[in-house]
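Just below is one structure, and these are the notes that go with it.
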Amino acid sequence: MVMILDAFVGRFVGKLSEFIGGEMSMVLGVKEDLKRLQRRTERISGFLESAERKRYEDRNINMWVMELKDVMYDADDIIDRCMIEGRRLLEDHPSESAVRRPLSLFSCFSCIRFRHEIGKKIKELNDRLKEIQEDRSMLPALEYTNQGARGTGVNPRQTVSIVIKSDIVGTEIEGATQSLVESLITGDNKKYRVLGIVGMGGIGKTTLASHIFNDERIKENFSMRVWACVSQEFSETRLLKQIIRGAGGSYGEAETKEELVCFLSSILSQRFFMVLDDVWEKDVWEHLLRYAVENATAGGRILITTRDANLARNIRAEIHHVDKMDTDSGWKLLCKLVFGDDDEEEEEISSLKEIGVQIVEKCDGLPLAIKVIAGVLRSKERSNLEWNEVLKSEVWSMSQLEEQLPRALFLSYEYLPSHLKQCFLYCSLFLEDHQMDQDELIHYWVAEGFVRRAQGDATMEDLAEDYYRELITRNLLRPILDGTRCTIHDLLRSLARFLMHDESIFLGDEQSPNANPLSKPRRLSMVNAGEILEVPDVIKQQKCLRTLLVWSNYKTKMMIKNELFENLRYLRVANLSNTRLESLPDSVGDLLHLRYLNLNRTEIKELPESIGRLVNLEMLNLSGCGSLHALPKAITKLYNLKCLRLESAPLTHVPKGIGKLQHLNHLEGFVVGHEDGRDAQDDEGCGLEELQSLSQLRFLEINRLERAQPSGASVLANSHFLRTLILECEPPEGEEEAIAIQRNDKIYNELSPRSTHLRKLEICNFIGTGFLSWMMSPCLDISFPNLMKVVLSDCYSCPQLPPLGLLPQLKFLSIERAGAIKAIGPEFLLGPRASSAATSFPKLEELYFYHMVNWEEWSFGMMEGVGEERRGAPNKLLPRLGKLILYHCPKLRALPPLGLLPELRSLKIVRAHAIKTIGPEFLLGPRASSAATSFPKLEELQFECMLNWEEWSFGMVEGVGEERRGGPKLLPRLRKLKLYNCRMLRALPERLRHATSLQQLEISESAGLKEINNLPSLKSLEIDDCPKLKHVENLDELQYLKIQLRRPETAATEADGPTKHLPRWLLELLQNASTALPNLKQFNLRCSLPLLKTFLQDGPNSPIIRPIPQVEIQGYWHPSRSPSYIRYAQDPPTFETHIEEELEEPEQSNDW
């Protein structure tokens, strides 16, 4: 049941009314028949909401609803046919009114034949509707609902960030996370341990596992983290591939289980943490992953989540039971979700507590149930009356649902507006734990007719995006990262599949269809279709399928026979992406109702000309089709096409005539001209002029702009709704540079966007000697008030950046390979005429500079009209910047006072070879006030490959004096510091000890560093190849120490005996570990085999590791054998060894 009658009928009546009012119904002569159909549909529409609700309680109502749905689906198909035929007839005679113009003899006969055929079908529909209307009188009473009076969405006042909401958990989760992380990073020294999180569905197992997986202590203790969703419908090879990819490996051409297990075993070469979420069978561990883990070169921890405690016991996992929430915790969670952190709501919360607590009790301690009920309550007024309605709902006692489905989930579904119910149910067609893409879902919903016609300038896709966000707000979908992808909880997916079982079939590996023999399957989702795509016989017989989703393992090539599509004539959605499909049969042109066709990343080589008959096609995705070099001319006949994706397909050209597709709002990968340089007057290859008529564009990506010819006209003058613009060209060949640059400038200026809606701009390979006039404008903030993301890459010849700091909504900026840039100063921040009240980059959150090979100077500087106020007013300069990366800027001599940035949390500087000194100017600049704080929110700082960096000093900061020396205002939140390949750096800043939040320090290939000391809060220290290191001391809080010795050391004298290969500083540190490192819990060492042997039980170095709770020592990695190792633990007492003799010292590796 994806069709929700009141939503479907409401949309159908609107569509029918529009058709009746147009010329097409008169041309076809079916106007009166359709009016009769409209009246009958409208009379019955008011009872449909009640019928949908009561169908689960009464079998007769359910049968009545199913019959009505069949009629409505047929009616929708017939109106589609009428519109197609009517449009064809109108196009035959475009010059005259449909009322007066005569039809050709052929058109007359065609129209009469169609009129007779369609008239008969409409009469049958009217008769069936009349019979259904009469049957209603024999059913239990159905309430009449005024369709116009229904609400359609959440209270806008209560809408919050989808990312923040998805992260809200109860106190039990927070407490369990802390204790389980502690257990995982400490304890015995077994090569691996398995921990099982056990509990019923919806209890919060995955949420707990996710919080553990993302805990900073897990990240610090495990070099490799892998998350794998297993689920009931898992495939062994697919799961192994998922884990290998998650571990950062590649399985090449491997396809068999045996090959993949070997690959996995070799990839697990670093200490790893693996989560296996939603495990249903012990064979996942016993017969699939255990061998790989046991034979891996490194050890780790495995965390599984499962509903089955016996399964966890059978695989000898340590078990953590997730118990139901108590009422008090459940009420606190509900309040967090409904009211947020608003302290002003206390009185309102108190007035609703009595009813709220009763609602929580009905959720039976399940966090998932509380979350979805919170989504219901957020959509209602905060009143006792509204909340009591939820509490007293009959759904709580509904008996028709499957036992394992909490009633709270169905109640949350019941309170959805009808149009959202359809969208939610559709999500069950995806594979379990599949990450659904927002844009993909939106196109499905539009193609299926779930989305109402948008008002004003909004598109149906805009409206569908609102639907998507509302489902996330109601906690029915779980957002991932920025919310552009999502998943659905397996219990909610089970609910949706239960509710739509009479309309949909889901075929997993080697499954047979289990459709209700009385139903008509409208949707099919199938896994691993095989070499020839076949659908079940029941679908061929019924001939009413609307959606076909194919999930392939990409192992075998796939073929579609011509007769398949002959049985799928009413198909609206076809997703064949990521299959090895090479061609489409000509019969694809018979799919006249098709709206959505996805061939993304297939091996398709050409499209048949018959594709031009798909006059209802709205979305065509050919992105990533690596064998597709040309499009058929017939593609220009797809007059209803709204989205055409061609990116990453090696097309030689796009056929002329694309400009006729007036409904296009998304054009991605538009290729200018022809690969072989044919003239514009040739019939192949589009020029930019084709874009002038596409006034509905929201997304436009243009490739191969070097082929374009200037026209003197503004190409995008009519694209007033444009939101994303991507411009890309290749360096011209066989042409004088000056001529190419001049033409390039003209072309790019003709592409000046006129849309104030523009949100994203990318320019790649611009070859002009200066940025475009429309980008250098001092009125940039007026021209682009909504621009949020800018990427400028490979603009090699532009010596100055535009005044991008003017953009009021810019959040993301990346500048890459701007080879002519030598200096960046005030002109980049606000331009030449900035006022003292202006703020530079007021909303920028992420800033990236990559491969700026000639950039020498970066200054915030003195700006006209700003002056000293700018220096002392950090709130006016990049006030929201949270992340900054400088990568390969080899000539940059100095850094500006980045410590002024009030919100900076992550700073990474890589390959800035010209920097020799970093001093106080980096912190606050030369005139900072004594009240200022340097890097007030910086949490992570990384310097990498700074080959000439010699000195790092916090020094004396003018105007701060002694307060700065001992005060808490220096890097107060710095938690992680990484120094990689800074070979000339002689010492860490003495005042780094005042960074009292510093817990993790990683230093690698720092040949000049001599000491590490006085870091009182440090808990984790990793040192790799620091041969001049002499002293490591005063690290009282250190818990984890990891050392990699990549060169034989001779710091100790020969008299020291067998310990001569251990550096003196490390020897002394270990010998005095009980006093020098009183909190040390874990020590890891990577060293040569001779040194490793000295730590064996009878070896001279064995006593110095005995006081440490957990020790792991490994030999150097070698590709032809597993490394030698020693693993020691105090509790329980463990001493494991594996020694492989080496004939010669292997080449040493960074891998550890």
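The values are calculated or read from the model by the stated rules, or taken from the named source; none is laboratory data. The structure displayed is predicted, hence computed values, not measured ones. With ideal geometry, Cβ positions are generated from the backbone for all residues, glycine too; neighbour counts draw on all protein chains shown.
Here is a list: Leu1070, Leu1018, Leu1066. Which entry is surrounded by 17 or more Cβ atoms within 10 Å (Cβ to Cβ), in a loop (DSSP other than H, G, I, E, B), modelled with pLDDT of 90 or more and under 46 Å from the mean Cα position of the chain (by Cα)?
On the way: Leu1070 fails: in a loop (DSSP other than H, G, I, E, B); Leu1066 fails: in a loop (DSSP other than H, G, I, E, B).
Answer to the check: Leu1018.
Consider Glu603 carefully, then state whether it is charged (D, E, K, R) and over 19 Å from Ile78 (Cα atoms). Let's see the steps before the verdict.
On the way: charged (D, E, K, R): yes; over 19 Å from Ile78 (Cα atoms): yes.
Criteria met by Glu603.
Looking at Leu594, Leu617, Leu641, which is the one that is assigned by TED's automatic domain parsing to the domain that holds Val535, of a type in the set (A, V, I, L, M, F, W, C), in a loop (DSSP other than H, G, I, E, B) and under 24 Å from Gly530 (Cβ atoms)? Write out each step before concluding.
Values: Leu617 fails: under 24 Å from Gly530 (Cβ atoms); Leu641 fails: under 24 Å from Gly530 (Cβ atoms).
Within the list Leu594, Leu617, Leu641, the selection yields Leu594.
Condition first: closer than 13 Å to Gly375 by Cα and either more than 34 Å from the chain's Cα centre (by Cα) or not aromatic (Phe, Trp, Tyr) (or both). Now tell me which residues in region 333-355 satisfy that. Please lay out each step first, then the result.
So in region 333-355, the residues closer than 13 Å to Gly375 by Cα come out as 333-340.
Listed by number, the residues that qualify are Leu333, Leu334, Cys335, Lys336, Leu337, Val338, Gly340.
Quick one: Ser494 ticks every box in (1) under 22 Å from Ser231 (Cα atoms); (2) polar (S, T, N, Q); (3) modelled with pLDDT of 95 or more bar one, so which box is it?
Unmet for Ser494, out of (1) under 22 Å from Ser231 (Cα atoms); (2) polar (S, T, N, Q); (3) modelled with pLDDT of 95 or more: (3).
Please indicate, with yes or no, whether at least one residue in region 342-351 is closer than 18 Å to Glu172 by Cβ, in a helix (DSSP H, G or I), out of contact with any helix residue (DSSP H, G or I) (no Cβ under 6 Å at 6 or more places or on another chain) and not assigned by TED's automatic domain parsing to the domain that holds Met200. It would help to see each step written out before you state the result.
First, the residues of region 342-351 that are closer than 18 Å to Glu172 by Cβ: none.
The answer is no; no qualifying residue exists.
So, Gly673, is that one free of Cβ contacts under 8 Å to residues at least 60 places away in the same chain, touching a helix residue (DSSP H, G or I) at 6+ places or on another chain (Cβ under 7 Å), surrounded by 21 or more Cβ atoms within 10 Å (Cβ to Cβ) and of a type outside the set (A, V, I, L, M, F, W, C) or not?
For Gly673, the condition - free of Cβ contacts under 8 Å to residues at least 60 places away in the same chain, touching a helix residue (DSSP H, G or I) at 6+ places or on another chain (Cβ under 7 Å), surrounded by 21 or more Cβ atoms within 10 Å (Cβ to Cβ) and of a type outside the set (A, V, I, L, M, F, W, C) - is met.
So which residues in region 1106-1122 are surrounded by fewer than 20 Cβ atoms within 10 Å (Cβ to Cβ) and either modelled with pLDDT of 75 or more or touching a strand residue (DSSP E or B) at 6+ places or on another chain (Cβ under 9 Å) (or both), if there are any at all? Walk me through it before giving the result.
Residues of region 1106-1122 surrounded by fewer than 20 Cβ atoms within 10 Å (Cβ to Cβ): 1106-1109, 1118-1122.
Once the filter is applied, which keeps residues that are surrounded by fewer than 20 Cβ atoms within 10 Å (Cβ to Cβ) and either modelled with pLDDT of 75 or more or touching a strand residue (DSSP E or B) at 6+ places or on another chain (Cβ under 9 Å) (or both), region 1106-1122 yields Arg1106, Pro1107, Ile1108, Pro1109, Ser1122.
Those residues that are farther than 19 Å from Ala447 by Cβ, hydroxyl-bearing (Ser, Thr, Tyr) and part of a helix (DSSP H, G or I), I need them from region 457-497; list them, please.
Residues satisfying the conditions are Thr473, Ser494.
Answer yes or no: is there a residue in region 596-615 that is under 19 Å from Lys557 (Cα atoms), in contact with a Lys or Arg (Cβ under 6 Å, 6 or more places away or on another chain) and in contact (Cβ under 8 Å) with a residue 12 or more places away in the chain.
yes
Out of (1) hydrophobic (A, V, I, L, M, F, W, C); (2) in the same structural domain as Asn314 (by TED's automatic domain parsing); (3) modelled with pLDDT under 85, the odd one out for Leu184 is which?
If we test Leu184 against (1) hydrophobic (A, V, I, L, M, F, W, C); (2) in the same structural domain as Asn314 (by TED's automatic domain parsing); (3) modelled with pLDDT under 85, just (3) comes out false.
Just to be sure, is Val163 of a type in the set (Val, Ile, Thr), at pLDDT 85 or above and either outside the structural domain of Pro367 (by TED's automatic domain parsing) or in contact with an Asp or Glu (Cβ under 8 Å, 6 or more places away or on another chain) (or both)? I'd like the intermediate steps shown before the answer.
Numbers: of a type in the set (Val, Ile, Thr): yes; at pLDDT 85 or above: no; either outside the structural domain of Pro367 (by TED's automatic domain parsing) or in contact with an Asp or Glu (Cβ under 8 Å, 6 or more places away or on another chain) (or both): yes.
It is false that Val163 is of a type in the set (Val, Ile, Thr), at pLDDT 85 or above and either outside the structural domain of Pro367 (by TED's automatic domain parsing) or in contact with an Asp or Glu (Cβ under 8 Å, 6 or more places away or on another chain) (or both).
Output the helices (runs of 4 or more DSSP H) that fall wholly within region 1-75 and possess 2 or more residues being farther than 24 Å from His593 by Cα, or say none. Quick ask: steps written out before the conclusion?
Working: elements: 5-20, 23-28, 31-45, 48-54.
Correct list: 31-45, 48-54.
Could you pull out the residue among Arg55, Arg36 that is assigned by TED's automatic domain parsing to the domain that holds Glu143 and without any contact (Cβ under 8 Å) to a residue 40 or more places away in the chain? Spell out how you get there, then give the answer.
Numbers: Arg36 fails: without any contact (Cβ under 8 Å) to a residue 40 or more places away in the chain.
Exactly one of Arg55, Arg36 is assigned by TED's automatic domain parsing to the domain that holds Glu143 and without any contact (Cβ under 8 Å) to a residue 40 or more places away in the chain, namely Arg55.
Hey, among the residues in region 960-976 that are part of a loop (DSSP other than H, G, I, E, B) and surrounded by fewer than 17 Cβ atoms within 10 Å (Cβ to Cβ), which one's modelled with the lowest pLDDT?
Kept after step one, since they are part of a loop (DSSP other than H, G, I, E, B), are these residues of region 960-976: 960-961, 967-969, 971-975.
Subset that is surrounded by fewer than 17 Cβ atoms within 10 Å (Cβ to Cβ): 961, 967-968, 973.
Working: Gly961: 37, Gly967: 44, Pro968: 43, Arg973: 93.
Checking each candidate, the answer is Gly961.
Can you find a residue that is touching a helix residue (DSSP H, G or I) at 6+ places or on another chain (Cβ under 6 Å) and assigned to a strand (DSSP E or B) anywhere in region 683-691? Full working, then the answer.
Pass one, region 683-691, residues touching a helix residue (DSSP H, G or I) at 6+ places or on another chain (Cβ under 6 Å): 686, 690.
Imposing the further condition that a residue be assigned to a strand (DSSP E or B) reduces the set to 686.
The answer is yes, given that some residue of region 683-691 is touching a helix residue (DSSP H, G or I) at 6+ places or on another chain (Cβ under 6 Å) and assigned to a strand (DSSP E or B).
Per-residue answers, yes or no, for (1) outside the structural domain of Leu492 (by TED's automatic domain parsing); (2) modelled with pLDDT of 95 or more; (3) in a helix (DSSP H, G or I); (4) within 21 Å of the chain's Cα centre (by Cα):
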site: Phe410; (1), (2), (3), (4): no, no, yes, no
site: Tyr413; (1), (2), (3), (4): no, no, yes, no
site: Ser428; (1), (2), (3), (4): no, no, yes, yes
site: Leu431; (1), (2), (3), (4): no, no, no, yes
site: Leu441; (1), (2), (3), (4): no, yes, yes, yes
site: Tyr444; (1), (2), (3), (4): no, yes, yes, yes
site: Val451; (1), (2), (3), (4): no, no, no, no
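Only one of Glu531, Glu582 is acidic (Asp, Glu) and either farther than 17 Å from Gly624 by Cβ or modelled with pLDDT of 95 or more (or both); which?
On the way: Glu582 fails: either farther than 17 Å from Gly624 by Cβ or modelled with pLDDT of 95 or more (or both).
Going through Glu531, Glu582 in turn, the sole match is Glu531.
Pairs needed: first member in region 627-644, buried (at least 17 other Cβ atoms within 10 Å of the Cβ); second member anywhere, part of a helix (DSSP H, G or I); C-beta distance under 6 Å; at least 6 residues apart or different chains.
Going by the 6 Å Cβ cut-off, the qualifying pairs are Ala634/Glu609; Ala634/Ile611; Ala634/Gly612; Thr636/Lys660; Lys637/Gly612.
Listed residues Asn314, Asn310; which is free of Cβ contacts under 8 Å to residues at least 12 places away in the same chain, outside the structural domain of Leu471 (by TED's automatic domain parsing) and exposed (fewer than 14 other Cβ atoms within 10 Å of the Cβ)? I'd like the intermediate steps shown before the answer.
Working: Asn314 fails: free of Cβ contacts under 8 Å to residues at least 12 places away in the same chain.
Just a single option satisfies the conditions, and that option is Asn310.
Restricting attention to region 5-24, report how many residues are under 16 Å from Asp80 (Cβ atoms) and either touching a Gly at 6+ places or on another chain (Cβ under 7 Å) or among the charged types (D, E, K, R) (or both).
4
Of everything in region 256-269 that's part of a loop (DSSP other than H, G, I, E, B) and more than 27 Å from the chain's Cα centre (by Cα), which residue is surrounded by the fewest Cβ atoms within 10 Å (Cβ to Cβ)? Lay out the reasoning, then the answer.
Just the residues of region 256-269 that are part of a loop (DSSP other than H, G, I, E, B), to begin with: 256, 268-269.
From what's left, more than 27 Å from the chain's Cα centre (by Cα): 256, 269.
On the way: Thr256: 11, Ser269: 21.
Going through the qualifying residues, I end up with Thr256.
For region 457-483: of the residues being within 19 Å of the chain's Cα centre (by Cα) and at pLDDT below 90, which is surrounded by the most Cβ atoms within 10 Å (Cβ to Cβ)?
Only one residue fits best here, namely Gly483.
Looking at His1138 and the list (1) out of contact with any His (no Cβ under 6 Å at 6 or more places or on another chain); (2) closer than 24 Å to Ser1004 by Cβ; (3) modelled with pLDDT under 85, which single condition is not satisfied?
With respect to (1) out of contact with any His (no Cβ under 6 Å at 6 or more places or on another chain); (2) closer than 24 Å to Ser1004 by Cβ; (3) modelled with pLDDT under 85, His1138 is out only on (2).
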